[in-house]
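The values are calculated or read from the model by the stated rules, or taken from the named source; none is laboratory data. What you see is a predicted model; the values in this text were computed from it and never measured. Note: ideal-geometry Cβ built from the backbone for every residue, glycine included; neighbour counts use all protein chains shown. When the accessible area is computed, the model is the full protein with side chains, heavy atoms only, and any ligands, DNA or RNA have been set aside. Shrake-Rupley method; radii C 1.70, N 1.55, O 1.52, S 1.80 Å.
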Amino acid sequence: MFEQILQASSYLQSRFKDPIHAGIILGSGLGNLASEIQIEITIPYSEIPNFPISTVAGHKGQLIYGTLGSKKVLAMQGRFHYYEGYTMQQVTFPVRVMKALGIKNLIISNAAGGMHQDFEIGELMVIRDHINLFPENPLHGKNDVKLGVRFPDMSATYHQPWIDKAFEIAKKNGIQLSKGVYAGVSGPTLETPAEYKMLKIIGADAVGMSTVPEVIVAIHSGLKVFAISIITDLGVEGKIVKVTHEDVVRVAAAQEPKMTLIIKELIDVI
Ligand code: HPA
């Protein structure tokens, strides 16, 4: 895998002029942050050696290199989900490539279901911790010490100073922001009411089908991580209604400007 990562990163490196301050992974319905980037280069995933290609509606499948606020960023417009049939190594490959490009900071967004009693649809939740419920860990198998240690510490996975910063930014801009625990599940089914209840009982405030594998590999790679969810539907007893992927994308897109503002200001100060 090391060779494949280097092939991808060398190809990309040859197209980028300046060092990249932060990597960004944009979730379902959240690709419009890209319109805030002063774009220098757009690279479809299909052009990058060894990169998987994304298949879900609402996910574009390209890397964007440019300036957000005052910083150079590399944004993934469209990510790879385990439920699409990718291996965990494919799902997390872009994070490995970001590390190989010298990126040290990773910002992740996603759409999620909310289990917390007080959550409303459209709520923004900073992830302070996660529960990995995927059937597989992306680090399963032989460990390559060139990529990271065998047993990564996960006691402070989400960088606390950035969480604090995000709350300062939200307060300054009058944005309601929550924080909580994200449970990562394989999908593609949404949860049954009993599953939402179980997730709440085990300590999760939100649930989604992404982020956790990427974060595990980011930590393995020594990256600092900030992640934020938009709560697109509620898994709260009595408030559970039928949800479609279109609903998820629509709610995420409607709330995106607030999330974009937080990410943009955060990247400026980190
Ligand atoms: N469950 C899992 N993933 C999701 C949900 C949900 O309710 N909403 C958006 N992504």
Only one of His130, His140 that is of a type outside the set (Lys, Arg), buried (at least 19 other Cβ atoms within 10 Å of the Cβ), at negative phi and away from the ligand (no atom under 13 Å from the Cβ)
His130
Tally of residues being within 9 Å of the ligand (Cβ to nearest atom) and either of a type in the set (A, V, I, L, M, F, W, C) or in a helix (DSSP H, G or I) (or both) across region 204-213
3
For region 140-166, give me each residue that is out of contact with any strand residue (DSSP E or B) (no Cβ under 6 Å at 6 or more places or on another chain), within 27 Å of Ile270 (Cβ to Cβ) and among the β-branched types (Val, Ile, Thr).
Val149, Thr157
Filter region 227-270 for residues that are assigned to a loop (DSSP other than H, G, I, E, B) and in contact with a helix residue (DSSP H, G or I) (Cβ under 7 Å, 6 or more places away or on another chain); the one that is least open to solvent (accessible area, probe 1.4 Å) is Gly235
Which listed residue, of Gly184, Gly114, is of a type outside the set (D, E, K, R), buried (at least 18 other Cβ atoms within 10 Å of the Cβ) and closer than 21 Å to Gly222 by Cβ:
Gly184
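Regarding Gly203, is this residue out of contact with any Gly (no Cβ under 7 Å at 6 or more places or on another chain), small (Gly, Ala, Ser) and farther than 29 Å from Asn137 by Cα? Steps first, answer last, please.
Details: out of contact with any Gly (no Cβ under 7 Å at 6 or more places or on another chain): yes; small (Gly, Ala, Ser): yes; farther than 29 Å from Asn137 by Cα: no.
Judged against the criteria, Gly203 is not a match.
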Region 1-51: number of residues that are touching a Phe, Trp or Tyr at 6+ places or on another chain (Cβ under 7 Å), open to solvent by less than 10 Å² (accessible area, probe 1.4 Å) and either of a type in the set (Val, Ile, Thr) or farther than 20 Å from Lys72 by Cα (or both):
1
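Determine, yes or no, whether Gln117 is farther than 29 Å from Leu234 by Cβ and in contact (Cβ under 8 Å) with a residue 12 or more places away in the chain. Talk me through it step by step, then tell me what you get.
Working: farther than 29 Å from Leu234 by Cβ: no; in contact (Cβ under 8 Å) with a residue 12 or more places away in the chain: yes.
So Gln117 fails the test.
Of all residues in region 172-203, which are β-branched (Val, Ile, Thr), within 23 Å of Gln160 (Cβ to Cβ) and within 9 Å of the ligand (Cβ to nearest atom)? Write out each step before concluding.
Pass one, region 172-203, residues β-branched (Val, Ile, Thr): 175, 181, 185, 189, 192, 201-202.
Still in the list and also within 23 Å of Gln160 (Cβ to Cβ): 175, 181, 202.
Matches in region 172-203: none.
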Being under 15 Å from the mean Cα position of the chain (by Cα), of a type in the set (Lys, Arg) and either at pLDDT 95 or above or within 16 Å of the ligand (Cβ to nearest atom) (or both) narrows it down to one residue among Lys224, Lys239; which is it?
Lys224
Among the residues of region 70-93, is any of a type in the set (A, V, I, L, M), open to solvent by 10 Å² or more (accessible area, probe 1.4 Å) and either in contact with a helix residue (DSSP H, G or I) (Cβ under 9 Å, 6 or more places away or on another chain) or in contact (Cβ under 8 Å) with a residue 24 or more places away in the chain (or both)?
no
